[in-house]
Each structure stands twice: as structure tokens, then as C-alpha cells.
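The values are calculated or read from the model by the stated rules, or taken from the named source; none is laboratory data. Bear in mind that the values here come from a model prediction, so they are computed numbers and not experimental data. Ideal geometry is used to build each Cβ from the backbone, glycine not excepted, and the neighbour counts take in all protein chains shown. Surface accessibility is based on the protein's heavy atoms, side chains included, excluding ligands, DNA and RNA. Shrake-Rupley method; radii C 1.70, N 1.55, O 1.52, S 1.80 Å.
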2 protein chains.
Amino acid sequence: MDVLMQSLRIGINEKLYIKDPESSDLGKKIVEESILLIDEIGFESFTFKKLGARINSNESSIYRYFENKHKLLLYLASWYWGWMEYRMVFDTNGISNPVEKLSKAIEVLTQNVEEDNAFSHINEVVLNKIIINEYSKSYLVKEVNNEDKNGYFIVNKRLVGRLSEMIVAVDKGYAYPLSLASTILEGTLHQYFLKEHFPMLTNCNENVTPTQFFTDLIFRTLNLNVNG
Amino acid sequence: MDVLMQSLRIGINEKLYIKDPESSDLGKKIVEESILLIDEIGFESFTFKKLGARINSNESSIYRYFENKHKLLLYLASWYWGWMEYRMVFDTNGISNPVEKLSKAIEVLTQNVEEDNAFSHINEVVLNKIIINEYSKSYLVKEVNNEDKNGYFIVNKRLVGRLSEMIVAVDKGYAYPLSLASTILEGTLHQYFLKEHFPMLTNCNENVTPTQFFTDLIFRTLNLNVNG
DNA sequence: GCTAAAATAATAGTAATACTATCAATTATC
DNA sequence: GATAATTGATAGTATTACTATTATTTTAGC
């Protein structure tokens with residue numbers, strides 16, 4: 001991504017943090033290192049105490065930024081989906097042909113994540129790994145309805161909505177655009193997980209990508225051919 | 001389900017429990033009430049202490065059956081998928097036409113769960129709810145590879161394999177039968193979750209079922225028509 | 001460059017969790 | 001009726017998930 005865009009920020013619901021982590025070095029370090037630590041030891045074993053030790057800071061200081069690790073995960077997830085949305089919109093912006101546009105969107109949303117230098121304190125590759133492994137835990141909780149009311153999932157919802165609209169744009173008659181869109185987004189994470197841990201449950205591997213699987217699925221479902 | 005089959009048992013990996021819960025009244029009560037309690041308060045808040053209080057038994061007694069709540073969840077998940085597999089095989093058994101067979105399998109795997117009187121101490125309707133809400137947490141853990149080596153996920157894997165074979169049977173040329181099968185199983189849980197908590201992210205509602213969505217998806221993808 | 005305010009660190013403390021261990025009381029078996 | 005197996009009760013430990021208080025350091029304004 002272009003260096004010109006270095007002042008770009010992903011907008012995140014302010015209720016997800018107590019103090020904006022983007023507003024200080026410590027805050028950025030908390031976000032940066034939490035991604036690495038969650039990836040290393042898993043969300044269940046991750047604690048603010050361990051994170052504090054790792055960044056030579058204090059548990060109590062981290063609590064001044066985030067109420068608890070669940071909110072931190074929601075923050076990271078919002079960042080991730082905001083970033084995906086931004087890239088999807090950016091990369092599909094100039095495309096007028098709806099089929100090409102949808103095709104490009106699927107590509108951006110399902111392809112392997114690569115580092116984006118526009119956001120120096122966030123390692124997108126590792127963040128993608130923790131989204132694959134931990135994202136479900138952010139919404140599969142008893143409090144989900146309340147949290148949704150607080151707007152914690154708004155970015156993901158907007159993204160599903162946008163993808164759904166692109167599906168409608170190529171096939172107004174299709175009865176399940178939202179379900180298809182949500183299946184693609186969630187199924188992508190699942191296919192990457194299976195590829196890593198249950199290779200016998202997926203056809204994705206070094207030679208076959210989730211992008212190919214989902215592109216093929218969408219094109220067959222919407223009765224298109226690859227050239228639009 | 002027929003009363004004739006009341007001695008039916010779902011086979012579960014013995015490493016998932018310390019003492020077989022089917023072997024005693026207390027064991028059955030643990031399973032029965034854990035399903036209800038997890039549904040009521042969620043897996044995160046669920047503890048063996050609370051379960052003990054609920055069934056007028058003791059925390060320490062429950063620990064003699066299950067090592068921890070994670071193993072209990074794996075046990076419940078194995079039971080659930082074993083039951084689904086059994087019903088899928090049973091209901092598709094006599095069907096020779098591969099398209100009809102696949103169609104029936106999809107129906108069994110995606111339709112709303114109803115109580116099965118063949119297993120008196122398990123409330124399948126509530127178990128289905130906790131699978132929708134908690135199943136991901138059983139495999140989205142750091143230890144997943146080791147647990148897989150222990151065979152904790154064998155039932156689910158076998159089910160994906162069977163469904164994949166049914167897909168191959170109707171379309172030998174289709175390149176992604178495993179990915180499609182795993183997407184259906186996991187996507188079904190997700191669509192039910194969305195229907196309940198994020199209705200704006202799915203087309204499933206009182207009038208449209210996940211079965212319709214997935215049947216349509218499979219038929220379009222494999223280029224079939226509804227009558228086989 | 002000094003002061004005041006803000007931010008961070010250090011320490012302590014609490015209730016709950018996730019267990020383990022021990023021993024007592026019941027219940028089943030032979 | 002004795003013995004073994006099961007279950008229950010109690011206690012104890014390390015860790016988690018915080019909150020509160022106070023000390024120290026950093027920063028910003030003048």
C-alpha cells in the first residue's frame with residue numbers, strides 16, 4: 001500500500017476502549033504486542049498480566065486502555081474488518097462491470113493476507129491468523145445482543161451488507177444474497193483454519209486457494225462465467 | 001424415532017471421559033444437566049461447581065467423570081455429530097439415486113433439530129443450540145492438533161467425509177467436494193446463529209430455512225435441478 | 001528550566017476459577 | 001454382613017480478572 005496514505009486510520013467504535021490506544025506509544029504497543037502474544041499462546045491463555053510483562057509495562061496500565069481482553073479482541077476484530085472493507089472498496093472502486101467488481105471483491109476478501117505498511121504498528125499477517133483462530137469467540141457469547149446494540153459489530157455487518165449488494169448487482173433474482181455473503185466471509189476463515197489443522201476436510205492446499213473455491217462457488221451459484 | 005431402538009448408543013472416544021457417563025445415573029445426570037446449564041449461562045460462565053449445585057451433587061464427583069469442561073464440550077459435540085451422522089445414514093439408506101440421496105442428506109443436516117426420544121437423557125433441541133453457540137470453541141484452541149491426534153474430532157471428520165462422497169457421487173468433476181461439505185456443516189450452524197442474533201446478515205427467517213438456502217446452493221453449484 | 005498535570009508503574013487486595021487431595025458417608029456386590 | 005466402589009464434603013493451591021491506592025515518571029504549558 002502506498003506510503004502516501006500513512007495518515008490513514010481505521011475507524012473503531014469508541015466504546016471498545018477506555019483510552020484510545022492510537023493516542024499514545026503505550027497504547028500502540030499494547031495493540032501491536034497483543035496481536036503477537038495472542039497468536040503465540042492463544043486467546044484463552046492470554047492475560048493482561050502476561051502482556052504487561054512482555055512489553056515491560058504494567059497490568060494496571062493496560063486496564064486503562066481496555067476494560068478486559070474480550071473488548072481488546074473486539075477492537076482487533078473491528079480493526080481487521082475495517083481494514084478489509086477499506087481494501088475491498090479501494091480495489092473495486094473503479095470497476096463498473098458488476099461481475100468483475102464482485103469477482104475482485106471476493107478476491108480481496110478471500111486471498112492470503114499480506115503485510116500492509118500503511119499501518120506500522122499492526123502486523124496484518126499475524127492479525128489475520130488470530131482472526132481465523134479467535135474471531136468466533138468474540139461473538140459467540142451470551143452478551144452478543146447487548147454488544148451488538150452497542151455497535152461492536154458494525155464494521156463486519158457493513159461489510160456483509162456491501163458484499164451482499166454486489167451479489168444483488170449481478171443477480172437481482174437471487175434469493176439469498178445476505179446468506180451467501182455471510183457464508184463467504186465466515187467460510188473463508190474456516191477454510192484457512194481447516195487448511196492448517198484439518199487438511200483432510202478441505203480441498204484447499206498449497207495449490208488450491210480458498211479464493212478459487214469461493215470464486216467458483218459464487219460463479220456457479222449466480223450462473224456466471226469467469227469472463228463476466 | 002422408533003422406540004425399538006432404545007438401546008442405541010452413540011459411540012464416543014473413550015479418551016474424552018475418565019468414567020463413562022452412560023454407565024451411571026450420576027453420569028447421565030451430568031450430561032443431561034450440563035446441556036441445559038451451558039445453554040442457560042453460556043460456556044464461559046459454566047463451571048463444574050455450578051453444575052454440581054444444580055444437580056445436588058459435588059464438584060469433585062463431576063471431576064471423576066470429566067477432566068474439565070473443555071473435554072465435556074468435546075464429548076457433547078461428539079455425541080451431537082454422531083447422532084447427526086446416524087440420522088443422515090439412516091434417512092438416506094434406501095435411496096439409490098445419488099441426487100436424491102444428497103438432497104436428503106442436506107435436509108437432515110441443515111433442518112431444524114427436533115427432539116429424539118431414543119435418547120432419553122439428552123435434549124437434542126437444546127444440544128443443537130449449544131452446538132450452534134459453542135462448538136467452534138471446542139476446536140479453536142491451541143491444542144487442536146494434539147487433540148485431533150487423540151481422535152477427539154473423528155466423528156465430525158467422518159461426517160464431512162461422507163457428505164463429500166455424496167457430492168462426488170453426483171458430480172465426479174467437481175473440484176471442491178470437501179470444502180463444500182465442510183462449508184455446509186459449519187455454515188449451517190452459522191446461519192442459525194445469524195438468524196437468532198444478526199437477522200440482517202442472513203436471508204433465513206421464519207419463512208426461509210437454512211435448508212432452502214443450502215439446498216439451492218448445492219444444486220446450483222453442482223448444476224442439478226430439484227428433481228434429480 | 002520549573003511546575004503542575006497527566007500518564008504510567010508498583011503494590012496490595014478480593015472474589016472466582018480450575019483444579020487436587022484427603023477423608024467420610026453411602027451404596028452396591030458377593 | 002463385609003468389602004469394595006462410588007459419591008459427598010471439606011480444605012487447600014495457583015491463577016485469573018479484576019479494583020484501589022499510592023508512588024514515580026513523563027509531558028506540556030509557561
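When B:Ile130 is tested against the conditions (1) in contact (Cβ under 8 Å) with a residue 24 or more places away in the chain; (2) away from chain A (no Cβ under 11 Å); (3) over 24 Å from A:Thr202 (Cβ atoms), the lone failure is (2). B:Gly94 meets each of the listed conditions (1) assigned to a loop (DSSP other than H, G, I, E, B); (2) open to solvent by 60 Å² or more (accessible area, probe 1.4 Å); (3) within 16 Å of DNA strand C (Cβ to nearest atom) apart from (3). In the range B:70-80, of all residues being surrounded by 22 or more Cβ atoms within 10 Å (Cβ to Cβ) and within 14 Å of chain A (Cβ to nearest Cβ), the one that is nearest to DNA strand D (Cβ to nearest atom) corresponds to B:Leu73. When B:Val160 is tested against (1) free of Cβ contacts under 8 Å to residues at least 24 places away in the same chain; (2) part of a helix (DSSP H, G or I); (3) at the interface with chain A (Cβ under 7 Å from one of its Cβ atoms), exactly one condition is not met: (1). Screening the range A:81-115 for residues that are closer than 14 Å to A:Ile131 by Cα and among the aliphatic types (A, V, I, L, M) and picking the one that is farthest from DNA strand D (Cβ to nearest atom) gives A:Leu109. Among the numbered conditions (1) out of contact with any His (no Cβ under 9 Å at 6 or more places or on another chain); (2) more than 8 Å from chain B (Cβ to nearest Cβ), the only one that A:Ser138 does not meet is (1).
Collect the residues in the range B:22-65 that are assigned to a helix (DSSP H, G or I), within 10 Å of DNA strand D (Cβ to nearest atom) and basic (Lys, Arg), keeping them in residue-number order.
Looking only at the range B:22-65, we keep the residues that are assigned to a helix (DSSP H, G or I), and these are B:22-23, B:25-41, B:48-54, B:59-63.
If we keep only those that are within 10 Å of DNA strand D (Cβ to nearest atom) as well, we get B:23, B:25-30, B:49, B:52-53, B:59-63.
Scanning the range B:22-65 gives B:Lys28, B:Lys29, B:Lys49.
State whether one or more residues within the range B:187-208 are of a type outside the set (Val, Ile, Thr), farther than 21 Å from A:Asn156 by Cα and part of a helix (DSSP H, G or I). The answer is no; no qualifying residue exists.
Based on this model, can you work out whether A:Met166 counts as open to solvent by 20 Å² or more (accessible area, probe 1.4 Å), hydrophobic (A, V, I, L, M, F, W, C) and within 9 Å of chain B (Cβ to nearest Cβ)? In short, no.
The number of residues in the range B:48-64 that are open to solvent by 50 Å² or more (accessible area, probe 1.4 Å) and under 24 Å from B:Asn146 (Cβ atoms) comes to 2. Taking the range A:169-215 as the range and being small (Gly, Ala, Ser), open to solvent by 20 Å² or more (accessible area, probe 1.4 Å) and within 8 Å of chain B (Cβ to nearest Cβ) as the test, only A:Ala175 passes.
Say whether the condition of being closer than 29 Å to B:Phe214 by Cβ and of a type in the set (Val, Ile, Thr) is met by at least one residue in the range B:27-50. Yes, there is a match, as at least one residue in the range B:27-50 is closer than 29 Å to B:Phe214 by Cβ and of a type in the set (Val, Ile, Thr).
Here the condition is being in contact (Cβ under 8 Å) with a residue 40 or more places away in the chain and either within 14 Å of chain B (Cβ to nearest Cβ) or surrounded by 19 or more Cβ atoms within 10 Å (Cβ to Cβ) (or both); of A:Glu67, A:Glu44, A:Glu85, A:Glu107, it holds for A:Glu85 alone. Total residues in the range B:114-127 satisfying the condition of being open to solvent by 10 Å² or more (accessible area, probe 1.4 Å) and either within 14 Å of another protein chain (Cβ to nearest Cβ) or in a helix (DSSP H, G or I) (or both): the figure is 2.
Modelled with pLDDT of 95 or more, under 30 Å from B:Lys29 (Cα atoms) and more than 10 Å from chain A (Cβ to nearest Cβ): is that true of B:Val155 in this structure? Before the answer, list the steps.
Details: modelled with pLDDT of 95 or more: yes; under 30 Å from B:Lys29 (Cα atoms): yes; more than 10 Å from chain A (Cβ to nearest Cβ): yes.
Considered against the rule, which asks whether it is modelled with pLDDT of 95 or more, under 30 Å from B:Lys29 (Cα atoms) and more than 10 Å from chain A (Cβ to nearest Cβ), B:Val155 comes out as yes.
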